[in-house]
Amino acid sequence: MKNYNPSQIESKWYEHWLERGFFHSTPDHRKPYTIVIPPPNVTGVLHMGHILNNTLQDVLVRRARMSGLNACWVPGTDHASIATEAKVVARLAEQGIAKSDLSREEFLEHAWRWREEHGGMILKQLRTLGASCDWERTKFTMDPEMSEGVLKVFVDLHRKGLIYRGVRMVNWDPAAQTALSDEEVIHREMQGKLYFLRYKLEGAPLEDGRDSIIVATTRPETILGDVAVCVNPNDPRYAAFKDRRVIVPLVGRSIPVIYDDYVTMEFGTGALKITPAHDVNDYVLGEKFGLEVIDIFNPDGTINDRVGLYVGGDRFAVRDQIARDLQNAGLVEKIEDYTNKVGFSERTGVAIEPKLSMQWFVRMEGLAKPALEAVMNDTIRFVPAKYKNTYNHWMSGIKDWCISRQLWWGQRIPAWFLPAGSGGGYVVAQTAEEALRLAQEKDPALTAADLRQDEDVLDTWFSSWLWPISVFDGVRHPDNADIKYYYPTSDLVTGPDIIFFWVARMIMFGYESRGERPFGAVYFTGIVRDKLGRKMSKQLGNSPDPLELIDKYGADGVRVGMMLSTSAGNDVMFDEAMCEQGAGFGNKIWNAWNLIRGWRDGAASVASVDSDPASEPAPQSTADRLAVEWFSSRLNAALAEIDSHFAGYRISDALMVAYKLFWDDFSGWYLEIVKPAFGSSAHSATVASTVRFFEQLLQILHPFIPFITEELWHATADRTPDDCITVSQMPTFQEADGTLLARFDLMRETVTAIRSIRRARNIPMRDQLDLKVVPDENFPAELDSILQKMAGLGSVQAVEGHDPEWESFIVKTTRYFVPLPEGGLDREAELAKLREELAYQEGFLLTVMKKLDNERFVSSAPPAVVANEQTKRSDAEARIAAIKDRISALK
RNA sequence: GGGUGUUUAGCUCAGUUGGUUUAGAGCACUACCUUGACAGGGUAGGGGUCAGUGGUUCGAAUCCACUAACACCCACCA
């Protein structure tokens, strides 16, 4: 079979690995290598971002597993409270059921059923990609024991005073009808209007005749909640309004004019309307001046009956309506176009309404301190490091975290309210029974029926921030064997978009809970974009279906394609052509084995037929022996490079080194050197070395391209089902022979030069050429046999003089000549070529001499640098002399 | 309004504390090569005043300053 077809073998090997339990980890004497997956939404489906993120994790985990570490990759899913609840609500709506028609219990039943049907699909899809997760450890953030841990943390933090309840201005999502944390609000620039509204003065006009104040606002509907007009005390325009009151347009309410230097005189008219219920700043001013708070909205964003106007109208419809009504009433001075930033809900996409409400918060300042230090002093390494800045900035100005959500899908807040008759207040406890006990300490007459549990659930991220600990049950049992062995985890691979949501909070909780970092390093991936640089999205339809890609190119192909084009923190410009390249690489490996297998089988049959004990086995050829020595060094040099790339998390560079090692050095040079002449068979020692090299290459490549390497691992030898590449020992770096590598490169350059001559003069490989050389220290005489084979030479001869009819070239300082068969040399062309070369070399020499003639360079540059320049000079001078010599010979 | 990052070949990117033959890789491109692993292959080759300006230095893609374009993050000016 010529071409490799991945689909048939990929599922076979994945099942085999699972069956053998290779991905399952339990604590043992080895060093652990742990990754916890960033848990995808339980109802999500695989997209390209997951492919990027999880391939990276798998590469790291597989490499660790092959490097003698006890690798453990914990998979799982997130309950994603808002997103999932929204999906369930939408599905219920399709069936004609409103959420409000259901009891909490009934709704949760639907939600759990939804999860049973659609949940975990994404984890199955990850298997197709080859993800080597320890599936026996799969967790869901709402598993009973995970939820128990969440409640325990809530109770603990509350007892420590790190969780409190209070009335604050929060971000209200009118679609989901819940509060959101600051991080869940996305600000976008919007084209809006700035309305200039006239607030008539109560009582007599001013002495100068003015009878109103013009106020600029982007949200005219909020005048319903106006309680004051504020101006800057230093603003002379408004000094005369001191102690006066104005009338809210349409509403007719009388409100005071107050003075505070918060107001910018330059903006609008310098007068600001104050609506404490619906603007954060207004709320602060309201508190300062003891103003009333008039909340005009229902939770769904419609106008409530507080004022009695526009009742039930949607906030945006009312905005337009009220603007018209104001205009009709002659209370609009003017309307200008205006661009401002509006907050939108990350989940539902609707405009956020600032709303005053009672919520639960986590006090962040104390938690942030050790977490900030750990990142800034690289106890936790950020890759790339630029995210340290972002992190520093956020952590330094951190605000308290609103953790209550007015939803049902999630962990219900473990707080129980006491009846007013018992003094009110609440108790926080892990269970209802415990809560009752605590309540009875306050009032012994209380029964379970008297207690009312808080209706709200916790922010999803309140369970996520425990993830590196909770997946090992370290919240409920901080001293269990798993958590002690696997924690702190090794690497976290995630996107920078959740650095605040998740990464920062995990670090904070890690230190709070265990006094230790949750992971050693965080690798931030970029965003997957299409090749035009656009973010992939459903709306644009520019996101390929990963499963279709895998079907087309194989998981191996998709993985290689993805890994070739990713560097930490940089966006990936995804192009399907990369997958093609990945699949092509698989094919290359497949066919290389095809060739080697042929030699092996050929050698075996020769040996069995030709088993005359009297005949001495032929010795291995010099070329073969040298090729084996060289490739051994080449492989070791590459291993060292790959190690260093991995140490710096330069995954695509590591893959590129392996790719070139296989494609260029192994396939292009090594195999071509040892390839037996047509009709003859390979030497058994060469075959053995070649197979060993091939196996080592498979191992190096396995983390990136796991399936085909496993398939071929089993082709190179008879192996037991447990002898799999995925649990084999990665070759370790041995000292490479640097001299040999350098000499081989000189030989390669010589071959290339000769091929170039063949190309220019149309001399096919089958026509042997003779090579003449003026040997010097840069002539790799010992590699003569390889040179002859690769360049198609009949002989290599040392000469002192040269014939003008010979074609010539120089490698480093060595002069080579090739007598041409017939027709001879085109002298003019040859001279032109030589003159061009001479001009280049002289130009080059000039730049070198410029340095060497400079006293200050010679005296201040390090000796090694100066010595190198001197070598450059002597080499260039030698080349120039040689070229001049040739030119004069040709003339 | 603040902050961070990016700007190197047609495309995607390397270039590690300034000195490694007057800039590299992969892909794409051009020419040529089809009986012996692989045309998803092979060989050879073209292509860049390292965004701009100024500075530091014996020496700058690399360090500094400013400018421009783009990207992202943060922020309560209605």
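The values are calculated or read from the model by the stated rules, or taken from the named source; none is laboratory data. All of these numbers come straight from a predicted model, not from anything done at the bench. Positions of Cβ are backbone-derived with ideal geometry, glycine not excepted, and every protein chain shown enters the neighbour counts.
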Can you say whether A:SER567 is at pLDDT below 90, among the hydroxyl-bearing types (Ser, Thr, Tyr), near RNA strand B (Cβ under 7 Å from one of its atoms) and surrounded by fewer than 20 Cβ atoms within 10 Å (Cβ to Cβ), as far as the supplied structure shows?
yes
Take A:ALA876 and decide whether it is in a helix (DSSP H, G or I), at pLDDT 90 or above, more than 7 Å from RNA strand B (Cβ to nearest atom) and of a type in the set (Gly, Ala, Ser).
no
Among the residues of segment A:654-677, what is the count of those that are touching a residue at least 40 places away in the same chain (Cβ under 8 Å) and either part of a helix (DSSP H, G or I) or of a type in the set (A, V, I, L, M) (or both)?
14
Determine which member of the set A:ARG168, A:ARG198, A:ARG188 is within 24 Å of A:ASP295 (Cβ to Cβ) and either in contact with a strand residue (DSSP E or B) (Cβ under 7 Å, 6 or more places away or on another chain) or part of a strand (DSSP E or B) (or both).
A:ARG168
Looking only at segment A:349-366, and only at residues there that are over 17 Å from A:THR460 (Cβ atoms) and not aliphatic (A, V, I, L, M), the one that is farthest from the chain's Cα centre (by Cα)
A:SER357
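Looking only at segment A:205-232, how many residues end up being in a loop (DSSP other than H, G, I, E, B), within 13 Å of RNA strand B (Cβ to nearest atom) and either among the aliphatic types (A, V, I, L, M) or over 16 Å from A:GLY252 (Cα atoms) (or both)?
Restricting attention to segment A:205-232, the residues satisfying the condition of being in a loop (DSSP other than H, G, I, E, B) are A:205-211, A:218-219, A:226-227, A:232.
When the remaining residues are screened for being within 13 Å of RNA strand B (Cβ to nearest atom), the result is A:218-219, A:226, A:232.
Pick out the ones that are also either among the aliphatic types (A, V, I, L, M) or over 16 Å from A:GLY252 (Cα atoms) (or both) and you get A:218-219, A:232.
Qualifying residue count, segment A:205-232: 3.
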Would segment A:156-166 turn up any residue that is within 16 Å of RNA strand B (Cβ to nearest atom), more than 21 Å from A:GLY44 (Cα to Cα) and touching a residue at least 12 places away in the same chain (Cβ under 8 Å)?
no
So is A:LEU326 within 20 Å of A:VAL246 (Cβ to Cβ), at pLDDT 90 or above and in contact with a strand residue (DSSP E or B) (Cβ under 7 Å, 6 or more places away or on another chain) or not?
yes
Return yes or no: is A:VAL774 touching a residue at least 40 places away in the same chain (Cβ under 8 Å), touching a helix residue (DSSP H, G or I) at 6+ places or on another chain (Cβ under 7 Å) and among the β-branched types (Val, Ile, Thr)?
no
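Please pick out the residue among A:ASP173, A:ASP143 that is surrounded by 13 or more Cβ atoms within 10 Å (Cβ to Cβ), among the acidic types (Asp, Glu), away from RNA strand B (no atom under 16 Å from the Cβ) and under 30 Å from A:VAL471 (Cα atoms). Steps first, answer last, please.
On the way: A:ASP173 fails: under 30 Å from A:VAL471 (Cα atoms).
The conditions single out A:ASP143.
Taking the condition of being in contact with a helix residue (DSSP H, G or I) (Cβ under 7 Å, 6 or more places away or on another chain) and not in a helix (DSSP H, G or I), how many residues in segment A:326-352 meet it?
Residues that pass the stated criteria total 5.
If you take the residues in segment A:82-123 that are hydroxyl-bearing (Ser, Thr, Tyr) and without any contact (Cβ under 8 Å) to a residue 60 or more places away in the chain, which one is surrounded by the fewest Cβ atoms within 10 Å (Cβ to Cβ)?
Quick first cut of segment A:82-123, residues hydroxyl-bearing (Ser, Thr, Tyr) only: A:84, A:100, A:103.
Right, trim to without any contact (Cβ under 8 Å) to a residue 60 or more places away in the chain and you get A:100, A:103.
Numbers: A:SER100: 6, A:SER103: 9.
Per the stated criteria, the residue is A:SER100.
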Looking across segment A:389-411 at residues that are among the small types (Gly, Ala, Ser) and touching a residue at least 12 places away in the same chain (Cβ under 8 Å), the single one that is farthest from RNA strand B (Cβ to nearest atom) is A:GLY410
So A:LYS833, is it surrounded by 15 or more Cβ atoms within 10 Å (Cβ to Cβ) and within 24 Å of A:LEU793 (Cα to Cα):
yes
Please tell me if A:ALA71 is of a type in the set (Gly, Ala, Ser) and assigned to a strand (DSSP E or B).
yes
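Among the candidates A:LEU250, A:LEU272, which residue alone is of a type outside the set (D, E, K, R), closer than 20 Å to A:LEU201 by Cα and assigned to a loop (DSSP other than H, G, I, E, B)? So that I can check it myself, show each step before the final result.
Numbers: A:LEU272 fails: assigned to a loop (DSSP other than H, G, I, E, B).
Criteria check complete, one pass: A:LEU250.
Taking the conditions exactly as written (more than 8 Å from RNA strand B (Cβ to nearest atom) and either modelled with pLDDT of 90 or more or touching a strand residue (DSSP E or B) at 6+ places or on another chain (Cβ under 9 Å) (or both)), does A:MET508 satisfy them or not? Break it down stepwise before answering.
On the way: more than 8 Å from RNA strand B (Cβ to nearest atom): yes; either modelled with pLDDT of 90 or more or touching a strand residue (DSSP E or B) at 6+ places or on another chain (Cβ under 9 Å) (or both): yes.
Judged against the criteria, A:MET508 is a match.
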Filtering segment A:759-778 down to residues that are at pLDDT below 90 and either within 9 Å of RNA strand B (Cβ to nearest atom) or hydrophobic (A, V, I, L, M, F, W, C) (or both), which residue is surrounded by the most Cβ atoms within 10 Å (Cβ to Cβ)?
A:ILE763
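For segment A:880-891, indicate whether the set of residues that are within 8 Å of RNA strand B (Cβ to nearest atom) and either modelled with pLDDT of 90 or more or assigned to a helix (DSSP H, G or I) (or both) is non-empty.
Filtering segment A:880-891 down to residues within 8 Å of RNA strand B (Cβ to nearest atom) leaves none.
No: zero hits.
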Restricting the first residue to segment A:705-728 and requiring it to be within 13 Å of A:ARG65 (Cβ to Cβ), which pairs with a second residue that is in a loop (DSSP other than H, G, I, E, B) meet a Cβ separation below 6 Å and a spacing of at least six or different chains?
A:PRO706/A:GLY130; A:ILE725/A:HIS702; A:THR726/A:PHE22; A:VAL727/A:PHE22
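Look through A:TYR199, A:TYR195 and report the one residue that is within 10 Å of RNA strand B (Cβ to nearest atom) and either in contact with a Pro (Cβ under 9 Å, 6 or more places away or on another chain) or farther than 30 Å from A:PHE501 by Cβ (or both). Can you show your working first?
On the way: A:TYR199 fails: within 10 Å of RNA strand B (Cβ to nearest atom).
Selected residue: A:TYR195, the only one of A:TYR199, A:TYR195 that is within 10 Å of RNA strand B (Cβ to nearest atom) and either in contact with a Pro (Cβ under 9 Å, 6 or more places away or on another chain) or farther than 30 Å from A:PHE501 by Cβ (or both).
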Out of curiosity, is A:GLY792 buried (at least 16 other Cβ atoms within 10 Å of the Cβ) and small (Gly, Ala, Ser)?
yes
Of all residues making up segment A:711-761, the number that are assigned to a helix (DSSP H, G or I), within 23 Å of A:ASP601 (Cα to Cα) and not aromatic (Phe, Trp, Tyr)
3
For segment A:1-37, which residues satisfy the criterion of being closer than 18 Å to A:GLY130 by Cα, of a type outside the set (A, V, I, L, M, F, W, C), crowded, with 18+ Cβ neighbours inside 10 Å and more than 16 Å from RNA strand B (Cβ to nearest atom)?
A:TYR14, A:SER25, A:THR34
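Rundown of residues vs (1) within 38 Å of the chain's Cα centre (by Cα); (2) touching a residue at least 12 places away in the same chain (Cβ under 8 Å), yes/no style:
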site	(1), (2)
A:ILE294	no, yes
A:PRO299	yes, yes
A:ARG306	no, yes
A:ASP320	no, no
A:ASP325	no, yes
A:ARG347	yes, yes
Can you name every residue in segment A:98-140 that is of a type in the set (Gly, Ala, Ser), at pLDDT 95 or above and under 22 Å from A:VAL36 (Cα atoms)?
A:GLY130, A:ALA131, A:SER132
Across segment A:645-659, the tally of residues that are among the aromatic types (Phe, Trp, Tyr), more than 10 Å from RNA strand B (Cβ to nearest atom) and buried (at least 20 other Cβ atoms within 10 Å of the Cβ) stands at 1
Of everything in segment A:281-306 that's outside any loop (DSSP other than H, G, I, E, B) and among the charged types (D, E, K, R), which residue is nearest to A:TYR259 (Cα to Cα)?
A:LYS288
